[in-house]
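What follows is a single structure, written as structure tokens, with notes after it.
The values are calculated or read from the model by the stated rules, or taken from the named source; none is laboratory data. Only a predicted model underlies this, so the values are computations on that prediction, with no experimental measurement involved. No Cβ is skipped: glycine too gets one built from the backbone with ideal geometry, and neighbour counts run over all protein chains shown.
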Amino acid sequence: MIFDFPVIAGIIIVLYLLTSIKILAEYERGVIFRLGRVLPQTKGPGVILVFAPIDRMVRVSLRLDAMEVPSQDVVTKDNVTVKVSAVLYFRVMEPIKAVIEVSNFLYATSQLAQTTLRSVLGEVELDELLGEREKLNVRLQSVLDLHTAPWGVKVAMVEVKQVDLPESMIRAIAKQAEAERERRAKIIHAEGEFTAADKLAQAAEVIQKQPVAIQLRYLQTLVDIGTENSTTVVFPLPVDIFSSLGHIMEKKAAEGK
């Protein structure tokens with residue numbers, strides 16, 4: 001069987017061109033190494049040609065990636081050991097740097113996030129770690145972004161996910177919170193007593209200027225008791241009677257002398 005060499009050569013060339021066709025998605029870029037040297041411009045998205053073995057392509061995704069930072073043992077500034085986990089959001093901004101500046105930018109970013117989490121959170125006290133997470137998140141993001149910028153990686157956000165405290169520390173915090181609530185309750189009660197005493201003093205001044213006001217209070221008390229369907233019988237006795245009797249007794253005692 002005789003094979004036509006031009007036909008065979010044509011078939012080989014067609015197959016080579018077909019295998020050289022690569023399709024990159026909208027969020028992908030291709031870093032091309034030609035004879036070992038990187039091309040100054042990335043390729044994609046869409047259909048591109050990669051002529052192997054002269055060319056070698058490395059696909060790089062430009063989408064925002066979320067990476068979970070494993071739980072780390074952190075010793076805070078006030079010597080409290082806690083376990084802290086976080087979530088890191090980042091994206092590749094310069095694909096060429098992400099490929100040639102670091103061997104594996106995903107692994108390098110993960111390791112950097114773990115060490116940065118331990119070092120940054122180790123400089124703050126426990127109260128700040130629990131109460132000022134937004135401030136710490138911004139600080140972590142700025143530190144990580146500063147170190148990943150030479151790799152062409154942009155850290156968009158860092159969120160402290162969970163803080164696990166020892167059981168003894170949880171009990172101590174609960175006791176502290178309970179004591180704080182009791183302190184506030186006592187202060188509120190004292191402020192209420194002070195306000196009530198002030199209002200009673202003002203009422204006493206009004207009644208002193210208008211003695212008939214006490215009689216009106218008697219009547220109002222009778223109305224309130226009557227509306228409650230109570231069987232209690234109240235006989236209002238003006239205080240003035242006791243004052244008059246006191247004056248009469250003092251007068252008789254003076255005359256007896």
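Starting from segment 50-68, keep only residues that are surrounded by 13 or more Cβ atoms within 10 Å (Cβ to Cβ), then list their pairs with residues that are acidic (Asp, Glu) whose Cβ atoms are within a distance under 8 Å, requiring at least 6 positions of separation or different chains.
ARG59/GLU28; VAL60/GLU28; SER61/GLU28; LEU62/GLU28
Any idea which of (1) closer than 30 Å to ARG34 by Cβ; (2) in a helix (DSSP H, G or I); (3) touching a helix residue (DSSP H, G or I) at 6+ places or on another chain (Cβ under 8 Å) is the one LYS154 doesn't satisfy?
Answer for LYS154: the failing condition is (2).
Yes or no: ALA108 within 21 Å of ARG139 (Cα to Cα), more than 26 Å from the chain's Cα centre (by Cα) and in a helix (DSSP H, G or I)? Break it down into steps so the answer makes sense when it comes.
Working: within 21 Å of ARG139 (Cα to Cα): yes; more than 26 Å from the chain's Cα centre (by Cα): yes; in a helix (DSSP H, G or I): yes.
Yes; evaluated as a whole, the condition is true for this residue.
Mind checking which pairs have a first residue in segment 134-154 that is under 16 Å from GLU123 (Cβ atoms) and a second that is β-branched (Val, Ile, Thr) and assigned to a helix (DSSP H, G or I), Cβ under 8 Å, 6 or more apart or different chains?
LEU136/VAL120; ARG139/VAL120; LEU140/THR116; LEU140/VAL120; VAL143/THR116; VAL143/VAL120; LEU144/THR109; LEU144/THR116
In segment 171-215, which residues are without any contact (Cβ under 8 Å) to a residue 24 or more places away in the chain, of a type in the set (Val, Ile, Thr) and either in the same structural domain as ASP73 (by TED's automatic domain parsing) or more than 30 Å from LEU136 (Cβ to Cβ) (or both)? Can you show your working first?
Quick first cut of segment 171-215, residues without any contact (Cβ under 8 Å) to a residue 24 or more places away in the chain only: 171-210, 212-213, 215.
From the residues that got through so far, the ones that are of a type in the set (Val, Ile, Thr) too are 173, 187-188, 195, 206-207, 212.
Listed by number, the residues that qualify are ILE187, ILE188, THR195, VAL206, ILE207, VAL212.
Residue pairs, Cβ under 7 Å, 6 or more apart or interchain, first in segment 81-96 and within 12 Å of LEU165 (Cα to Cα), second of a type in the set (Asp, Glu) and outside any loop (DSSP other than H, G, I, E, B). List them.
Sorted first by the residue in segment 81-96, then by its partner, the pairs are THR81/ASP73; VAL82/ASP164; LYS83/ASP73; LYS83/ASP164.
Each row is one residue, and each column tells you yes or no for (1) at pLDDT below 90; (2) among the aliphatic types (A, V, I, L, M); (3) in the same structural domain as SER110 (by TED's automatic domain parsing).
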residue: GLY10; (1), (2), (3): yes, no, no
residue: VAL31; (1), (2), (3): no, yes, no
residue: GLY46; (1), (2), (3): no, no, no
residue: SER85; (1), (2), (3): no, no, yes
residue: LYS97; (1), (2), (3): no, no, yes
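Take the residues in segment 121-149 that are more than 19 Å from THR76 (Cβ to Cβ) and of a type in the set (A, V, I, L, M, F, W, C), then tell me which one is surrounded by the most Cβ atoms within 10 Å (Cβ to Cβ). Quick ask: steps written out before the conclusion?
Of segment 121-149, the ones more than 19 Å from THR76 (Cβ to Cβ) are 141-142, 144-149.
Filter once more, so that each one left must be of a type in the set (A, V, I, L, M, F, W, C): 144, 146, 149.
Working: LEU144: 22, LEU146: 11, ALA149: 14.
Step by step, filter segment 121-149, then rank; the result is LEU144.
Output the residues belonging to segment 18-35 that are part of a helix (DSSP H, G or I) and either surrounded by 12 or more Cβ atoms within 10 Å (Cβ to Cβ) or without any contact (Cβ under 8 Å) to a residue 12 or more places away in the chain (or both). Don't jump to the end; show me each part of the working.
First, pick out the residues of segment 18-35 that are part of a helix (DSSP H, G or I): 18-20.
Within segment 18-35, LEU18, SER20 meet the criteria.
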